[in-house]
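The values are calculated or read from the model by the stated rules, or taken from the named source; none is laboratory data. Keep in mind the model is a prediction, meaning the values are calculated, not measured. Glycine gets a Cβ as well: all are built from the backbone with ideal geometry, and neighbour counts include every protein chain shown. Accessible surface is based on the protein model in full, side chains and every heavy atom, while ligands, DNA and RNA are left aside. Shrake-Rupley method; radii C 1.70, N 1.55, O 1.52, S 1.80 Å.
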Amino acid sequence: MDIDLHGARIYTIVENSPIGEIHITQTMIMGWIVLIVLSFICWILGRNLKVTGISKRQAIAEWIVELLNNFVRGNMGDKFDYYIPFIGALFGTAIFSNMISLVGGCWSPTADLATEAGWAIIVLILITKHKIKANGFGGYLKGYLDPMPVMLPMNIISEFSTPISMACRHFGNILSGMVIGTLIYSSLGLASAALLGLIPVVGGWLAANIPILEIGLPAVTSLYFDWFSGLIQPFIFCTLTCIFIKQASE
């Protein structure tokens, strides 16, 4: 059984840059492709908008905007409307990054922990910003000593565990789906070869050219590991982002 499971490949290394060596990886390339595709879709949906007599394209765009408005307001309230573009961009990027693996040979950027770690760092910065804004810098530092100074190490761990857990949850679900899907596909190939190999004369040819168990069955498991998980994880990540930012502002 030939199974190829690997991390993001390094295409080239840029040396002598001001910040040292820069590795150009699959994650970077596919991440830029996702952003370009997402930007193009937004441009298509957002051009030539009308007040009356709108097109189906504009109706879709307005439906998406309405969903984002309701999502952010439902989790954060009206006073956080300025976060709607950020949550929308995060939501769209996460969904497209997850789903791009369905295109043959494409690497999913979210199968690299560095992607989710970048999102988590941004969320941590926003959470910290709102805590300082709500309590002042001194009050923010004092919060690490609540309810008693001996809790300082635990409070520090708690502060950083929030973004780490969000990143690892998203990354773990996407990566495990890819691994499990690959293992199932390879196992079905072996089972198909063993089953067809029982047929006299033509069994060997059938096993090599028509792996019947690999047709259709992997698509069933893909409904959960690729489609359901690929859609639900961005929803969870964005929901937690909204909730933590709102809590920090209080």
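Between Ile132 and Ala89, the FRET efficiency estimated from the beta carbon spacing at R0 = 22 angstrom works out to 0.40.
Which one of His23, His130, His170 has the biggest mean-square fluctuation once the chain is modelled by GNM with Cα springs under 10 Å? With Cα springs under 10 Å in the chain, the top fluctuation among His23, His130, His170 is at His23. Per-residue ellipticity at 222 nm computed for the chain from its helices equals -23500 deg cm²/dmol, with DSSP H segments shorter than 4 residues left out and the rest contributing -39,500 (n - 2.57). Available extension along the chain between Ser186 and Asn48 is 44.8 nm, counting 0.36 nm per residue and deducting the alpha carbon span. Residues considered: Asn173, Asn69, Asn155. Largest GNM mean-square fluctuation over the chain, using C-alpha springs under 10 Å, is found at Asn155. Highest mean first, the peptides 158-166, 241-249, 47-55 sorted by other C-beta atoms within 10 Å per residue fall in the order 241-249, 158-166, 47-55.
Solvent-accessible area assigned to carbon and sulfur over the chain amounts to 70 percent, based on a 1.4 Å probe.
Potential lengthening of the chain between Val179 and Asp78 amounts to 32.3 nm, from the contour at 0.36 nm per residue minus the alpha-carbon distance. Here each label is just a point 7 Å from Cα along the line to Cβ, and for Met148 and Tyr11 those points are 5.7 nm apart. Taking every full run of DSSP H in the chain, the ones that stretch at least 24 Å from end to end by Cα along their long axis and average 1.6 or higher on the Kyte-Doolittle scale are 26-46. Of Pro234, Pro149, Pro109, the residue with the greatest mean-square motion in the GNM of the chain, using alpha carbon springs below 10 Å, is Pro149. Solvent-accessible area per residue for region 8-246 at a 1.4 Å probe radius, Å²? Heavy-atom SASA per residue in region 8-246 reads 59 Å².
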